[in-house]
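Coordinate-derived values only; no laboratory data. This structure is a prediction, so every number in the text was calculated from the model and none was measured. Ideal geometry is used to build each Cβ from the backbone, glycine not excepted, and the neighbour counts take in all protein chains shown.
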Ligand SMILES: [Zn+2]
């Protein structure tokens, strides 16, 4: 018997082993809508295999429009368990699911993980630090800003698991932050990036893509490399203005927020603000990343 909510489309010949994932966070369902539409399209790869996985369906099942942030996960963040904890004793709803999904992640030559964001913000393609992922993302010519970051101190993301993190390897892993969770624009962005990804991998020809999936080609701005992050120390964390992400703060030392009355300032000049948000605010949570082009 197969693994629940994992679907495969195989081509006639061997080829790239693509994994498309959605609902790693149970409340981010724009990616799931697009993945569902892809499966219904009937498209199959010319070669290799495309696996589509709806990851944290147990959390999504609890989605409540009155408490839309509460179904991000059940026990813990599914996108922080992809390190040594997979092999360690202990379990949780999310560790159990990660262990089910692990064979699909480990066989994938190419991973596209579809996410969305707490706040209305321009979309991002998150690549990690390896040059091959940054180059692959830039070459897609999609609208999202490419962001190179080192992941999270509090656990390993799926896209940083195993061979994806091998500097000498050739596996590709991208994470799309498509825009705000429940905006229609996030669907359009997810559709566009998913198809561009499959064409770039070679699973599909551009002429296979059904009408309405692709947006216009974009000349992408230079990647933003994350230089640091701000971790909230208190519940009294406030930005000085309504930052949306993508703002470039020219002067080093510019105060952008206050945390328990203490100023939070930009660490260098021409500092790009990446994903500012206090929606999940509690001490220890990242409220904004700094970057430079
Ligand atoms: Zn997410």
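Here are some notes:
- Beta bridges per DSSP with both ends in the chain, % antiparallel, nearest 5: 55 percent
- Estimated FRET transfer efficiency when R0 is 30 angstrom, pair residue 260-residue 76 (beta carbons, to 0.05): 0.65
- Theoretical FRET efficiency, 1/(1+(r/R0)^6), r = Cβ-Cβ of residue 207 and residue 184, R0 25 Å, to 0.05: 0.40
- For residue 12 and residue 269, the difference between the fully extended length at 0.36 nm per residue and the C-alpha to C-alpha distance is 87.3 nm.
- Taking every alpha-carbon pair under 8 Å whose residues sit at least 6 apart, segment 71-164 reaches a relative contact order of 37 percent.
- Summary of the geometry: segment 260-293 and segment 45-68, compared by the centres of their Cα atoms, lie 29 Å apart.
- Cα shape, segment 47-194, gyration tensor, a/c 1.5 rule: oblate
- Computed [θ] at 222 nm, deg cm²/dmol, the chain (DSSP H ≥ 4; -39,500 (n - 2.57); rounded to nearest 500): -6000 deg cm²/dmol
- The length gained by stretching the chain between residue 3 and residue 46 to full extension, at 0.36 nm per residue less their Cα-Cα distance, is 13.1 nm.
- Solvent-free Debye scattering, log10 I(q)/I(0), computed from the Cα coordinates of segment 1-99 at q = 0.10, 0.16, 0.22, 0.25 Å⁻¹: -0.32, -0.75, -1.11, -1.24
- The C-alpha atoms of the chain define a longest principal axis, and helix 93-107 lies at about 60 degrees to it.
- Rounded to 10°, Cα long-axis angle of helix 30-41 versus longest principal axis of the chain: 10 degrees
- Extension gain for residue 153 to residue 242 (0.36 nm times residue separation, less C-alpha to C-alpha distance): 29.4 nm.
- Rg then Dmax, both in Å and based on the Cα atoms of the chain: 18.8, 62.
- Relative contact order computed over segment 6-208 (Cα-Cα under 8 Å; 6+ residues apart), in percent: 26 percent
- Distance (nanometres) between label positions extended 7 Å along Cα→Cβ at residue 227 and residue 102: 3.9 nm
- Degrees separating the helix 184-201 axis from the principal Cα axis of the chain, which is the longest one: 50 degrees
- Segment 144-269 - percent relative contact order, Cα under 8 Å, separation 6 or more: 21 percent
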